[in-house]
1. Quick one: order 62, 21 from most to least accessible surface, probe 1.4 Å.
2. Just the accessible area per residue of the chain, please: how many Å² with a 1.4 Å probe?
3. If 170, 103, 227, 68 are ordered by their accessible area, calculated over protein heavy atoms with a 1.4 Å probe, which sequence runs from highest to lowest?
4. Mind pulling the per residue volume of the convex hull built on the Cα atoms of the stretch 1-81? Å³ is fine.
5. Label points 7 Å out from Cα along the Cβ direction at residue 106 and residue 128: separation in nm?
6. Please list the three semi-axes, largest first and in whole Å, of the ellipsoid equivalent to the chain, using sqrt of 5 times the eigenvalues of its alpha carbon gyration tensor.
7. Between residue 144 and residue 254, what is the label-point separation in nm under the 7 Å Cα-to-beta-carbon projection?
8. Within the stretch 267-288, name every residue whose backbone N is under 12 Å away from a label modeled 7 Å from Cα of residue 205 along the Cβ vector.
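The values are calculated or read from the model by the stated rules, or taken from the named source; none is laboratory data. Worth saying up front: this structure is predicted, and the values here are computed from it rather than measured. Virtual Cβ from ideal backbone geometry, glycine too; neighbours counted across all protein chains shown. For the accessible areas, the whole protein counts, side chains as well, though only heavy atoms, and no ligand, DNA or RNA atoms are used. Shrake-Rupley method; radii C 1.70, N 1.55, O 1.52, S 1.80 Å.
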Amino acid sequence: MKTISPQDIPFQAFYRLLNSSVAPRPIAFVSTISQEGHVNLAPYSFFNIVGFNPPMLVFSPSRNRHGDKKHSLLNVEEVPEVTINLVNHQIVEQMSLASAEFDRHVNEFEKAGFTAVPSERVKPPRVAEAPVAYECLVRQLVPLGDQAGAGTMVVCEVVLAHFQDHIFSDDGAIDPHKIDLVGRLGADWYVRANDAALFDVARPQIGVGVDQLPVAVRNSNILTGNDLGKLGSAKTMPTPDEITAYSQSEAMLALRDEARYGCQYLPDLLHLRAKQLLAAGKVEEAWLVISQ
């Protein structure tokens with residue numbers, strides 16, 4: 001384990017560690033406008049939801065290497081309104097182009113080839129190509145320092161939202177495959193939230209807990225932490241009668257024969273079988289196997 005104090009290395013070096021480990025991060029593609037009416041469009045991956053009643057978003061523009069404020073921050077100090085557009089795979093290259101350090105009064109909508117759509121409740125326009133756009137009022141600016149790399153938290157209240165029709169499934173929920181979002185990693189890396197990258201985890205419930213598993217199971221070299229988590233999420237453990245009955249099942253008799261005639265270690269076979277059952281979502285049967 002490598003232990004590093006932020007005070008012991010240059011802040012840029014620790015930033016690279018933060019940026020690569022606190023990831024992937026959603027991307028706020030932020031449209032702002034100056035008092036003179038100049039529009040700016042820039043992406044920020046220091047971004048997330050911080051409340052939902054009222055709906056609140058936060059993003060944080062960091063000062064550049066010279067210690068100067070980003071154009072987005074200068075604009076919201078003058079006009080405290082933004083649109084926060086989400087970034088999917090179809091627009092990631094254009095978004096990257098918009099992140100270049102153009103002069104303040106250069107319109108990144110035009111430079112990156114995006115369509116600016118007038119917002120309904122705030123002054124900055126939204127990105128027509130974005131799958132989702134939030135019109136927001138800036139409620140608070142929280143400075144986090146005034147040196148190079150320091151950021152300012154921009155706390156925004158959503159007052160209107162726009163969703164492209166094609167991102168919804170038949171049940172009215174946003175389909176992660178259809179919205180096809182991207183996330184930010186470190187350096188030049190991004191991640192696409194689609195295909196094999198998507199998986200589901202059942203909502204948590206008060207289960208029996210990993211602490212109720214046999215010690216040999218908790219220390220298994222075959223079962224992973226994820227496997228233990230699934231077992232610990234079961235609401236009940238099998239009863240002694242259920243364990244006895246399962247011991248006489250064809251599946252268990254076959255495992256014992258495999259151990260006996262194949263000269264294999266029965267606990268390892270049990271753990272391998274439980275792992276297979278857990279992968280198939282058969283938690284109750286996995287419990288019966290590890291209880292033998």
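1. 21, 62
2. That works out to 59 Å² for each residue.
3. On the way: 170 165, 103 115, 227 15, 68 80 Å².
The most accessible residue leads, giving 170, 103, 68, 227.
4. Once divided by residue count, the hull of the stretch 1-81 is 131 Å³.
5. Result: 2.3 nm between the two label points.
6. 51, 22, 17
7. Those two pseudo-labels are separated by 5.5 nm.
8. Counting only backbone N, you get 283-284.
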